[in-house]
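Engineer: Sharing a structure with you now.
No lab work stands behind these numbers, since they all come straight from the coordinates. Just so we're clear, the structure is a prediction, and the values are computed from it rather than from any experiment. Neighbour counts are summed over all protein chains in view; Cβ atoms, including those assigned to glycine, are modelled from backbone coordinates with ideal geometry.
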């Protein structure tokens with residue numbers, strides 16, 4: 001499998017390029033939108049929440065942006081990976097290509113998109129006089145772990161989507177629930193004790209916490225958080241590969 | 001000993017659901033009602049044959065004989081239910097030219113994408129870019145999105161990309177029936193060139209004249225079974241008298 005990835009690295013490259021090109025086709029600002037989008041979203045949300053609902057959070061803009069970055073990446077990568085097999089159906093029916101390359105390339109393109117939003121993050125950090133330490137480089141680790149987690153989930157969703165198109169609608173609903181179940185724009189302390197379990201069982205929370213610790217609180221995440229993140233990523237990828245590889249030979253018959 | 005393709009007792013079964021069940025609700029409703037019918041359909045039954053290096057094998061048969069299914073199994077797109085296929089060498093599938101095209105992208109971008117799908121390196125495509133363009137005769141439309149192409153241009157470009165290499169095995173499925181006769185001649189020429197270079201070709205066509213011209217052995221399929229295989233003159237003669 002590793003050999004395959006090496007063999008097909010050119011194809012992965014081309015698929016990623018296609019995704020990005022298509023996303024910004026015929027737009028004047030093109031790839032800059034990757035940066036402007038989260039920035040505008042953050043400004044709007046920040047305006048709403050600093051006037052309408054006040055949370056006692058210092059540097060709310062950065063708090064919000066870190067949350068949005070993680071959530072948007074997760075939502076985009078998994079959604080995108082989910083439709084990858086169906087959308088490339090005509091190809092899968094005609095030419096032999098290892099099928100996991102499609103969800104993989106989709107998750108990687110979302111990763112590339114995420115990289116383009118990093119300048120927006122830096123801009124906000126500078127603008128809000130956030131202290132920047134060398135530990136900032138560690139922030140790449142939770143992002144990579146999250147990417148692996150997304151790949152696992154994406155493989156599972158892509159498999160289900162081949163058999164049941166309902167999953168597109170269901171997952172949309174699930175994502176909006178997840179949006180509120182993740183402390184993106186609120187401090188997790190405001191969740192009543194009886195509902196804290198929602199956050200506890202939300203995998204995204206741990207990646208967000210690790211990322212936020214490094215970028216926002218200038219601290220190193222605790223060992224617990226690291227272990228949970230790594231464990232979640234491995235479990236997700238293992239499960240995703242198992243489901244996908246077991247079912248992939250039947251895809252041709254359903255798409 | 002030098003069998004480049006060995007097909008051993010290949011059987012392909014499809015589950016034809018009465019209606020395609022796509023959504024969870026339908027599935028559950030049908031499951032409860034107990035009419036989730038799986039109609040088994042055997043598309044290929046106990047097919048065995050060998051192809052030697054450099055041979056040109058034609059596959060003939062009426063519609064629904066299982067020709068395309070067999071090609072898809074050879075290309076690795078479908079996994080046979082039973083039996084196995086051993087392939088020793090690289091395969092260029094021309095099952096449907098332009099299968100990997102993205103209509104939103106330009107011809108230039110599609111050449112790189114499609115080349116990558118067929119496993120070419122980027123440098124290789126770059127080197128052969130002008131060759132592809134001139135074979136496809138689309139010099140003026142390199143930066144036009146493919147969705148604006150005519151079907152002839154589409155087919156030409158697909159064929160040009162797929163045949164830029166000299167693969168060990170070339171699989172051709174009715175591609176030559178698209179495009180005008182000028183293009184068809186050009187394609188035939190290119191296939192002949194590849195044959196001269198030692199490529200093994202497997203070709204499916206309803207054009208019995210083409211099969212007679214190009215092939216040296218012919219496999220005749222009927223209702224998923226091997227009717228006969230042998231010298232092209234004998235099999236083609238039988239096939240023609242059978243049909244008419």
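Engineer: When the helix-only estimate is applied to chain B (DSSP H runs of n ≥ 4, each -39,500 (n - 2.57), divided by the residue count), what is the mean residue ellipticity at 222 nm, nearest 500 deg cm²/dmol?
Structural biologist: -11500 deg cm²/dmol
Engineer: When the Cα centres of segment B:67-128 and segment A:105-144 are compared, how far apart do they sit, in Å?
Structural biologist: Segment B:67-128 and segment A:105-144 have Cα centres spaced 38 Å from each other.
Engineer: Report the far tail of the P(r) of the protein assembly as shown, meaning the percent of Cα-Cα pairs longer than 43 Å.
Structural biologist: Value for the protein assembly as shown (Cα pairs over 43 Å): 30 percent.
Engineer: Further question: Can you work out the PRE-style zone for residue B:27? Point 7 Å along Cα to Cβ, and I want the residues of segment A:104-127 with backbone N under 15 Å.
Structural biologist: Backbone N within reach: none found.
Engineer: Could you give the angle, 0 to 90 degrees to the nearest 10, between helix A:140-163's Cα long axis and the longest principal axis of the Cα atoms of chain A?
Structural biologist: 40 degrees
Engineer: Rank these for me by crowding, A:236, A:105, going from fewest to most other beta carbons within 10 Å.
Structural biologist: Fewest-to-most ranking of A:236, A:105: A:236, A:105.
Engineer: Follow-up. May I ask what percent, to the nearest 5, of DSSP beta bridges between residues of the protein assembly as shown are antiparallel?
Structural biologist: Once the DSSP bridges in the protein assembly as shown are tallied, antiparallel ones form about 60 percent.
Engineer: Which values of log₁₀ I(q)/I(0), to two decimal places, follow from the Debye formula for segment B:134-244 at q = 0.09, 0.17, 0.18, 0.23 Å⁻¹ with a uniform point scatterer at every Cα?
Structural biologist: So the normalised log intensities are -0.30, -0.88, -0.95, -1.29.
Engineer: Between helix A:9-23 and chain A, what is the angle of the helix's C-alpha long axis to the longest principal axis, kept within 0 to 90° and rounded to the nearest 10?
Structural biologist: Around 60 degrees separate the two axes.
Engineer: What are the equivalent ellipsoid semi-axes of chain B, built from the alpha-carbon gyration tensor (square roots of five times its eigenvalues), in whole angstrom, biggest first? It would help to have the intermediate numbers written out before the result.
Structural biologist: Details: eigenvalues 199, 143, 58 Å².
Each semi-axis is the square root of five times an eigenvalue, giving 32, 27, 17 Å.
Engineer: Just from the alpha-carbon atoms, what are the Rg and Dmax of segment A:2-254 in angstroms?
Structural biologist: Gyration radius and largest Cα-Cα distance of segment A:2-254: 18.9, 57 Å.
Engineer: Provide the descending list of Cα extents for segment A:44-151 along its principal axes, expressed in whole angstroms.
Structural biologist: 56, 35, 19
Engineer: Regarding segment B:101-164, what whole-number volume in Å³ per residue does the convex hull of its Cα atoms give? Numbers along the way, then the final one.
Structural biologist: Numbers: hull volume 4.3 nm³, N = 64.
Dividing the Cα hull volume of segment B:101-164 by its residue count gives 67 Å³.
Engineer: What 222 nm value per residue comes from the helices of chain A, counting each DSSP H run with n ≥ 4 as -39,500 (n - 2.57) and dividing by all residues, nearest 500 deg cm²/dmol? All intermediate terms of the calculation are to be shown ahead of the outcome.
Structural biologist: On the way: 13 runs with 188 residues, N = 255.
Theoretical 222 nm ellipticity from helices: -24000 deg cm²/dmol.
Engineer: Give the value in nm², to one decimal: projected area of the alpha carbon convex hull of segment B:205-244, averaged over all directions.
Structural biologist: The directionally averaged projection comes out at 2.7 nm².
Engineer: Would you look at the GNM of chain A, springs on alpha carbons closer than 10 Å, and say which of A:28, A:220, A:199 moves the most?
Structural biologist: Fluctuation is largest for A:28.
Engineer: While we're looking at this one, here's another question. Compute the FRET efficiency between residue A:24 and residue A:255 as 1/(1 + (r/R0)^6), taking r as their Cβ-Cβ distance and R0 = 22 Å, and round to the nearest 0.05.
Structural biologist: 0.20
Engineer: Please give the peptides A:241-248, B:131-138 ranked by average Cβ packing (other Cβ atoms within 10 Å per residue), highest first, as a rough proxy for protection.
Structural biologist: B:131-138, A:241-248
Engineer: Taking R0 as 51 Å, what FRET efficiency do you get between residue B:148 and residue B:90 from their Cβ-Cβ distance, rounded to the nearest 0.05?
Structural biologist: Plugging the Cβ-Cβ distance into 1/(1 + (r/R0)^6) gives 0.95.
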